[in-house]
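The values are calculated or read from the model by the stated rules, or taken from the named source; none is laboratory data. Predicted model, so just to flag it, every value in this text is computed and none were measured. Backbone-built Cβ (ideal geometry, glycine too); neighbour counts: all protein chains shown.
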Amino acid sequence: MASSLDKTVDVKHYVRMLWRRRGVVLVATISVLASALIGLSMVRRQYESQVTLMIEDRSPLASDVEQVMGGGRSGAGGKAYGFEEERLSKLIGRVRSRPFLERVIRILRMQDDPALLAAAEGQRKKHPEVSREEIAIRMLVQGLQSRIQFQSRGPGIYQITVGDFSPQNAQVLAQWISELFVDITIQNELEKIRSARDFGAEQLKLYEEQLRRSEAALEQYKGTMIQQSLAANTVQAGNLNLADALLQRVRQEADAAQARVKPFAREASRAGLDPSDPVVWSDAETQDLVRRVGAALQSGVVERLAVTGPGETQPWPPQGTYDLLRRDLLQRLEQRAAGLHPEAAADAKDALARHAFARLDAEIQLGVQRVLDQAIEVYRHQARSQPVDEMQSSRLVAEVQKDRMLLESFRSQMVASDVRQAVETTKLGLRVEILDPAQVPLKASRPDRNKILLAALLVGPLLGAGLAFLAEATDPTLRWLEDFRRTFEEPILCTTPLLSNRVASTRGLRRHWVPATVVLILLLTGGFFMARKTLLRGLDAFADPMRIVNPKDAGKP
C-alpha cells in the first residue's frame, strides 16, 4: 500500500515557480551585491607585514661542555613535553605585553599623532585623573595587541604578523617589533647570565666563610686541648701513683708546719711579743724569699714526677736549692725579729722568728699541695672526658672536610658555569635571528574583496530563491492544472483553452516593479559612493593613516 508521503518531486513545478519569481531573485542578488560594495567601501583595507624569526637554543651543547668540566646541570639535553608550546606562550606574552608595546610606541612616536591626541582628549573628559598621553598610549597598546599575531611555523621557527591600515606603517611596525624583540631577548639572556654569575659569587663567599668558621672552630678546639695538656703535663698516666704518693708527703709536711705554728706563737706571747703582727714577714725582701722558696718546692715536685723507677725512693723534701732558700728565709726572719725588738730576750726573738717561719712554711706547703692536687684532678678529668673530646674533635674534622668538599665542588661548578655562559653568549648559545625581514605589503590582506564579492553573488540568488519559495508558499493563487490536482482530490473532467491574448490586469509600477527596484538600488549605490567622496569624507575616522616616525629615516632629508 502506497503511503501518502510517497510523492515524487516535481522539478518542473519548482523551475516554473523560480522563473515566475525571477524578479525577486534578481532584486535580491543586486541588493546583496550592492550591500557588499557599500560595506567594502566602509571597511578600511588592512595590510599585513610578516617577519620570520629563528630561535635556536643550543643549551644541550653547553650542558655537554659543563658535564665534561664537572658541572651538574642534568637533563638539559632532553626536551620536556610541551616545551615548544610553553615557549610560544612566553613569546606571545612578551610581544603583546604592555611594557614591550610602550617601548615600540615611544620609539616610533606614535603617541604624537594629532588625531589620536584629539580622541584621547575626548576620553580624558571621562577620566580627568589620567593624563592625555597615558590615555593615548593605552589606546595604542590595545590597538596593537589586537593587530599582532605570533605563530609557530615549525621547531624554532616563528612568524610575527603585524597589520595596519597603511602598508608603510605595517612594515615599520613589523620591523621595529621584531628588532626590539630580538634585542630584548638577547639582553634578557645576558641578564640571566650576569645574575647567575653574581649569585654564584655570593654563594662562593658563603661557602668560603663557612669553611673559614669550621677551620677556626677546629683550631680553637685544638688550642684549648693543647693548653689543657700543657697545664696538666706534670701528671701523666705513668706517674699518677707517684703523684698521689707525693701529694700525701706534701700534705704531711703542710700539717707538720701548721702544727709548729701554735707552740712558737705561745712561746712568743709569753715573752711579751705579738706573733700575729705581720710586720716581721711583710717586707718586700722577705716576700721575695717566700716566693723563691715556693718556686723551688714546686720545681722539686716537677722534677720528682719526671723521675721514674729508682727515683721514687729519693727523700722528701728536696735538698739543694730548696734547703738553702729555707735557711736564708729563717735567717732573714731572725734578723727582722732582732731589728724590730732589740730589747727582747734572745729566746723570745728566736720564738717570734720561728713562729713566722713556721707560718710561711705552712702557706708554701699548702700552695704546692693545691697545685699538685689540681694537676691530678685535671688529669683525671681529661681521662674521663677523652672519648667525648675525641668525638668532638672527629666531628669538627669531618665538618671541615665536608665544607672543603662543598667549596671545591662549587668552584668546579663555577668553572663549568663560566664555560657554559661563554658558550651561550657566543653563537654556540641561544641564537635569535631574523630570517625574513619585514617588507612593504603590495596588496591588502583584509578585507578580501574577491571572496566577499563572490560570496555576495552566491548568497544573493540563494536569498532570492528563498524569498521566491516563501512568496509562492503564501500565495493562494492556482495557476496550473497540477495545482488543481494537488489541491483537490476530485478528478478533473475538462479544461478551458488558455486565453493568451487577454490583456493583463496589472498596470503601472506594480507591473514594472522589478526594473524600477533595480534602478533605485543602482541609483542609491551610486549616490552613496558620490557622497562618500565629497560630503562624507570628513566623517571617515580612518581617512588618514596614523603618523609614525621611523628613527632610521629621521635623519634623512
If a residue must be closer than 14 Å to D350 by Cβ and either part of a helix (DSSP H, G or I) or without any contact (Cβ under 8 Å) to a residue 40 or more places away in the chain (or both), how many such residues does region 270-284 contain? 2
Tell me whether region 40-52 contains one or more residues that are in a helix (DSSP H, G or I), without any contact (Cβ under 8 Å) to a residue 24 or more places away in the chain and not charged (D, E, K, R). yes
Filter region 291-305 for residues that are in contact (Cβ under 8 Å) with a residue 40 or more places away in the chain and surrounded by fewer than 19 Cβ atoms within 10 Å (Cβ to Cβ); which is farthest from A243 (Cα to Cα)? Q298
Could you tell me which numbered condition F529 fails, if it satisfies all but one of (1) surrounded by 12 or more Cβ atoms within 10 Å (Cβ to Cβ); (2) under 18 Å from A36 (Cβ atoms); (3) modelled with pLDDT of 85 or more? (3)
Take V415 and tell me if it is among the hydrophobic types (A, V, I, L, M, F, W, C), modelled with pLDDT under 65 and either under 30 Å from Q171 (Cα atoms) or touching an Asp or Glu at 6+ places or on another chain (Cβ under 7 Å) (or both). no
Restricting attention to region 157-214, and to residues there that are in a strand (DSSP E or B) and aliphatic (A, V, I, L, M), which single residue is farthest from V549 (Cα to Cα)? I157
Kindly indicate whether any position in region 238-255 is crowded, with 16+ Cβ neighbours inside 10 Å and free of Cβ contacts under 8 Å to residues at least 60 places away in the same chain. no
If you go through region 113-133 one residue at a time, how many are among the charged types (D, E, K, R), surrounded by 15 or more Cβ atoms within 10 Å (Cβ to Cβ) and assigned to a helix (DSSP H, G or I)? 2
Which is surrounded by fewer than 17 Cβ atoms within 10 Å (Cβ to Cβ) and modelled with pLDDT of 85 or more, of S31, S35, S74? S35
Over region 418-456, the set of residues at pLDDT 75 or above, in a helix (DSSP H, G or I) and polar (S, T, N, Q) is N450
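Residues checked against (1) of a type in the set (D, E, K, R); (2) outside the structural domain of G93 (by TED's automatic domain parsing); (3) at pLDDT 80 or above:
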position: V162; (1), (2), (3): no, no, yes
position: F165; (1), (2), (3): no, no, yes
position: Q168; (1), (2), (3): no, no, yes
position: F181; (1), (2), (3): no, no, yes
position: L190; (1), (2), (3): no, no, no
position: I193; (1), (2), (3): no, no, no
position: T224; (1), (2), (3): no, yes, no
position: Q227; (1), (2), (3): no, yes, no
Can you find a residue that is of a type outside the set (F, W, Y), at pLDDT 70 or above and either outside any helix (DSSP H, G or I) or exposed (fewer than 10 other Cβ atoms within 10 Å of the Cβ) (or both) anywhere in region 513-526? no
